[in-house]
Amino acid sequence: MPKQKQPTALAVAQEAAILTVAVAIIAAAVYFFLVPSHASVSSISGLGIVLSNFVPLPLSAITMILNVVLLIIGFFTCGREFGAKTVYTSILLPVFIGLFERLFPDIGSLTDSQELDVLCYILVVSVGLSILFNRNASSGGLDIVAKIMNKYLHIELGRAMSLSGMCVALSAALVYDKKTVVLSVLGTYFNGLVLDHFIFDQNIKRRVCIITKKEEELRHFILTDLHSGATVYESYGAYNMEKRREIITIVDKGEYQKLMNFMNREDPQAFITVYTVSDMRYQPKT
């Protein structure tokens, strides 16, 4: 097995800078929008907002304590699968919140609307979280809870995230009114939808399977015009067992439109099936 190349100091510094910016965005979303709304939207910081009504500590300190405790529990229960990135972001998040507490003490709502605060939080935090997830990192907190639930309760990871997020949202009922609880639950739900859009929808491609009489023209178009690849399979029609060849290619949104325009022009009678693809992996030989 070939040795993996070690990242250079510059690459490590660039990665750390990207993670730092992402965490700063998340911390800003929490402090400037989530805190004034009093909503508890699917995050450890949201739980910290609720606990700050019972514990005489600033939100940054509560978040730090919760993240450190969860990291320790995570290492004992799930091993070292969280990695250095999760440790770094888990510690950095309350540091940034503490910095905002010092720079902007007793800040009120920027929108003068609880609903708009929750909406702004969802949009801003999704940007930061999508950067982290696309760098194979996370903000810790509920991600650790979800992994523990996945390992010991055998709950699918996405469902475990949703369940733990809803539990945090419902904790708002301990101290806040019904409106805030409803906003917390709805915010948690829509936060998941928006985050899915930021993370997955940007990478969605289409797997297009085509059987056409203009096989050679199609193959040439895919390779030279779309600059994409394709796979050719032999297939047989079930009715008369006629042998045909099926061309399969994976394209993005723009390439798909060009491909469909080409097929409508060259062979409107072609048989085409289309599938949505959100993840592609190539496993090199070792």
Filtering region 214-266 down to residues that are touching a helix residue (DSSP H, G or I) at 6+ places or on another chain (Cβ under 8 Å) and not in a helix (DSSP H, G or I) yields Lys214, Leu226, Ser228, Gly229, Ala230, Val232, Arg245, Ile247, Thr249, Val251
Of the candidates Thr180, Thr188, Thr224, Thr212, the one satisfying the condition of being of a type in the set (S, T, N, Q) and in contact with a His (Cβ under 7 Å, 6 or more places away or on another chain) is Thr180
Filter result (over 13 Å from Thr89 (Cβ atoms), outside any loop (DSSP other than H, G, I, E, B) and small (Gly, Ala, Ser)) within region 108-141: Ser126, Ser130
Any residue in region 169-194 that's touching a residue at least 40 places away in the same chain (Cβ under 8 Å): show its pairings with residues that are of a type in the set (D, E, K, R) and not in a loop (DSSP other than H, G, I, E, B) at Cβ separation under 8 Å, as long as the two are six or more apart or on different chains. Leu183/Glu115
Unmet criterion (only one of (1) more than 25 Å from Leu163 (Cβ to Cβ); (2) within 24 Å of the chain's Cα centre (by Cα); (3) hydroxyl-bearing (Ser, Thr, Tyr)) for Ser109: (2)
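Yes or no, residue by residue, for (1) at pLDDT 85 or above; (2) open to solvent by less than 60 Å² (accessible area, probe 1.4 Å):
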| position | (1), (2) |
| --- | --- |
| Ser228 | yes, yes |
| Tyr233 | yes, no |
| Lys243 | no, no |
| Glu246 | yes, yes |
| Met260 | yes, yes |
| Asn264 | yes, no |
| Ile272 | yes, yes |
| Tyr275 | yes, no |
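Yes/no per residue for (1) within 18 Å of the chain's Cα centre (by Cα); (2) over 28 Å from Lys178 (Cβ atoms); (3) in contact (Cβ under 8 Å) with a residue 24 or more places away in the chain:
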{"site": "Val30", "(1), (2), (3)": "yes, no, yes"}
{"site": "Ile44", "(1), (2), (3)": "yes, no, yes"}
{"site": "Val55", "(1), (2), (3)": "no, no, no"}
{"site": "Leu59", "(1), (2), (3)": "no, no, yes"}
{"site": "Leu66", "(1), (2), (3)": "no, no, yes"}
{"site": "Leu71", "(1), (2), (3)": "no, yes, yes"}
{"site": "Phe75", "(1), (2), (3)": "no, yes, no"}
{"site": "Ala84", "(1), (2), (3)": "no, yes, no"}
{"site": "Ser90", "(1), (2), (3)": "yes, yes, yes"}
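Table: residues versus (1) of a type outside the set (Gly, Ala, Ser); (2) modelled with pLDDT under 90; (3) on the phi > 0 side of the Ramachandran plot.
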| position | (1), (2), (3) |
| --- | --- |
| Pro2 | yes, yes, no |
| Ala13 | no, yes, no |
| Ala16 | no, yes, no |
| Thr20 | yes, no, no |
| Ile25 | yes, no, no |
| Tyr31 | yes, no, no |
| Ala39 | no, yes, no |
| Phe54 | yes, no, no |
Ser45 vs. criteria open to solvent by 10 Å² or more (accessible area, probe 1.4 Å) and either part of a helix (DSSP H, G or I) or of a type in the set (Val, Ile, Thr) (or both): no
Please go through (1) over 18 Å from the mean Cα position of the chain (by Cα); (2) modelled with pLDDT under 80 for Gly140 and return the number of the only condition it doesn't satisfy. (1)
Here's a check for you: in region 126-143, which residue that is over 17 Å from Ala28 (Cβ atoms) and of a type in the set (A, V, I, L, M, F, W, C) is surrounded by the fewest Cβ atoms within 10 Å (Cβ to Cβ)? Phe133
Residue by residue through region 150-167, note down the ones that are among the hydrophobic types (A, V, I, L, M, F, W, C) and under 19 Å from the mean Cα position of the chain (by Cα). Ile155, Leu157, Ala160, Met161, Leu163, Met166
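The values are calculated or read from the model by the stated rules, or taken from the named source; none is laboratory data. Everything numeric in this text was worked out from a predicted model, so none of it was measured. As a convention, Cβ positions derive from the backbone with ideal geometry for all residues, glycine included, and neighbour counts pool all protein chains shown. Only protein heavy atoms, including side chains, enter the accessible area calculation; ligands, DNA and RNA are left aside. Shrake-Rupley method; radii C 1.70, N 1.55, O 1.52, S 1.80 Å.
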